[in-house]
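Colleague: Starting off with a structure, shown below.
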Amino acid sequence: MNMMRAARLHEIGGSFSIDQIPIPTPGRQEVLVKVEACGLIPNLRNVVTHFPSWYPFLPLPALPATFGLDSAGTVTAVGDGVTAWKPGDRVYVNPGIGCGECRYCRQGEPTRCDSYTFMGYFGFGPGSQAIFERYPHAGYGEYLTAPAANLVRLPDTLSSAQAARLGYLGTAYSAIRKSALRPGQSLLILGATGTLGVGATLLALAFGAARVLVVARDRTALERLVALDPRRVVPVVLGEGGIAGQARRHLPDGVDAMLDTLGAKAPAELSVDAMGAVARGGRIVQIGGVAGPIPIDPHPFMCAQLQYIGSLWFTPTEGEELVGMIGAGLVDLGLLEPRAYPLEQLNEALAAVESQANGFTNFHITHA
């Protein structure tokens, strides 16, 4: 039996250990991928330590389990029902999997499925455990199986290490699409120097935004974003006055859309303040999971025709569109600084990403 190495978690709150487990065999509509790089999620340690008590409605896989959300590598085998992929194809594996049978899955919107699950991370409903059992392998193993429908083809210009960042980029891409941002319009990005925010800034420029208001506390990091396009990127510094007031000094009529990329540790008051910068008829898209609840007065929302939209991850089709933009040179990932760790150093890497993560560093695991 052919074996592979996998970093697996054996107990909640514990460290990952390197185990030898069998290389899986793909099913009829599946592929086997040799993983070359997998992203490091700053929130993973919280997930595997606190989620069972914090968010019991977001199930984890049964332990021991292999984690690892954003995987990129090469197809090495395909099931006998797969025709669009062949060994040697370079791919990103979108880890978001639905049941495949409900009306949302059938219409290409698996993120709306009640059983939607992140392979190698956590799920969103009672049907998640069945999906974990069907797809127990993930990016912190040397090989994984995945539905052929979840693959995104990688161009030669996009390395596996860069593709390991596609989860964050795809999340921002889907959110901008939901914001209905049009060329020449304006967008405010709350938490712009974080991992989600940096990608959102790159994409907003690629979408043709005339003004991108980037909101964060770190003035030096904001200057790095402004340097991308000083004519279009406008910094708004937290702590130097209210967000809405600063934004409306630049754009008195308000911004056309807002992306909230703040994480769970951020105060909800920042989100509420930033909403005051949104123009009448504008859209507010939540992708960061800021600590709630967020108080919203429905009357001004109604009168100003504002929309508050939640956006979860992205579909494989959206991933293909994003990769197409990157391949065409519309999105330059040269801003991202690679920081690679071998699989054996996963625990050290998770400690580093927790304490040193910023939107400009691409933390990832590589398989030798």
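Colleague: Just the number please: accessible area per residue for region 170-256, 1.4 Å probe, all protein chains included, in Å².
Modeller: Values: 3360 Å² over 87 residues.
About 39 Å² of surface per residue is accessible.
Colleague: Further question on the same structure: Enumerate by residue number the chymotrypsin sites (Phe, Trp or Tyr not before Pro) in region 311-368 meeting two conditions: DSSP loop (anything except H, G, I, E, B), and at most 15 other Cβ atoms within 10 Å of the site's Cβ.
Modeller: F360
Colleague: At 0.36 nm per residue, minus the direct Cα-Cα distance, what do R280 and R231 gain on full extension? Give it in nm, one decimal, please.
Modeller: Values: separation 49, 0.36 × 49 = 17.64 nm, distance 2.45 nm.
Taking 0.36 nm per residue and subtracting the Cα distance, the gain is 15.2 nm.
Colleague: Would you list which lysines come within 27 Å of K178, measuring only between C-alpha atoms, while excluding same-chain residues fewer than 8 positions from it?
Modeller: K265
Colleague: Ok, one more. So which chymotrypsin sites (Phe, Trp or Tyr not before Pro) in region 1-83 pass both tests, a DSSP loop state and at most 12 other Cβ atoms within 10 Å of the Cβ? Walk me through the numbers on the way to the answer.
Modeller: Values: sites: F16, W54, F57, F67; in loops: F57, F67.
When the chymotrypsin sites (Phe, Trp or Tyr not before Pro) of region 1-83 are filtered for loop state and at most 12 Cβ neighbours within 10 Å, F57 remain.
Colleague: So what is the relative contact order for region 133-237, in percent, with contacts set as C-alpha pairs under 8 Å and at least six apart? Each step should come with its number before you reach the end.
Modeller: On the way: 126 pairs, mean separation 20.4, N = 105.
Here the relative contact order equals 19 percent.
Colleague: Taking the Cα-to-Cβ direction at A340 and at C303 and moving 7 Å from each Cα, how far apart do the two end points lie in nm?
Modeller: The answer from the label model is 5.8 nm.
Colleague: Give me D for region 232-273 in µm² s⁻¹, whole number, from Stokes-Einstein with Rh from the Kirkwood sum over alpha-carbon pairs, 4 °C and 1.567 mPa s. Working shown, then result.
Modeller: Numbers: Rh = 11.5 Å.
Rounded, D is 113 µm²/s.
Colleague: Between M3 and T366, 0.36 nm times their residue separation minus their Cα-Cα distance comes to what? Before the final figure, lay out each step's value.
Modeller: On the way: separation 363, 0.36 × 363 = 130.68 nm, distance 1.79 nm.
So the extension gain works out to 128.9 nm.
Colleague: May I ask you to derive the relative contact order of the chain, considering only C-alpha pairs under 8 Å and at least 6 residues apart, and to give it as an integer percent? Numbers along the way, then the final one.
Modeller: Working: 855 pairs, mean separation 64.5, N = 368.
That works out to 18 percent.
Colleague: Under the rule that an exposed site lies in a DSSP loop and has at most 11 other Cβ atoms within 10 Å, name the longest stretch of the chain with no trypsin sites (Lys or Arg not before Pro) of that kind, not counting the sites themselves. Can you show the working numbers first?
Modeller: Values: sites that count: R28, R231, K265.
The longest uninterrupted stretch comes out as 29-230.
Colleague: Would you calculate the separation in nanometres between label points at L330 and I296, each defined as 7 Å from the Cα along the Cα-to-beta-carbon direction?
Modeller: 2.8 nm
Colleague: Report relative contact order for region 235-315 in percent, whole number only (criteria: Cα-Cα under 8 Å, sequence separation at least 6). Walk me through the numbers on the way to the answer.
Modeller: Details: 125 pairs, mean separation 23.9, N = 81.
So the answer I get is 29 percent.
Colleague: Can I ask one more? Return the carbon/sulfur percentage of the accessible area of the chain, one whole number, probe 1.4 Å, all protein chains in place.
Modeller: Numbers: 8090 of 15380 Å².
Carbon plus sulfur share of accessible area: 53 percent.
Colleague: Suppose the chain between E109 and T76 were pulled fully straight at 0.36 nm per residue; how much longer would it get relative to their current alpha carbon spacing?
Modeller: Numbers: separation 33, 0.36 × 33 = 11.88 nm, distance 2.76 nm.
Contour length minus Cα-Cα distance gives 9.1 nm.
Colleague: Find the eigenvalues of the gyration tensor of the Cα atoms of the chain, then list the square roots of 5 times those eigenvalues as equivalent ellipsoid semi-axes, largest first, in whole angstrom.
Modeller: 35, 21, 20
Colleague: List the GluC sites (Glu not before Pro) within region 1-91 that fall in a DSSP loop (any state other than H, G, I, E or B) and whose Cβ has at most 14 other Cβ atoms within 10 Å. Intermediate values should be presented prior to the final figure.
Modeller: Numbers: sites: E11, E30, E36; in loops: E11.
Sparse-neighbourhood loop GluC sites (Glu not before Pro): E11.
The values are calculated or read from the model by the stated rules, or taken from the named source; none is laboratory data. Fair warning: this is a prediction, and the values are worked out from it, not measured in the lab. Reconstructed Cβ throughout: ideal geometry from the backbone, glycine too, with neighbour counts over all protein chains shown. Each accessible area value is taken on the protein alone, full model and side chains, heavy atoms only, with ligands, DNA and RNA left out. Shrake-Rupley method; radii C 1.70, N 1.55, O 1.52, S 1.80 Å.
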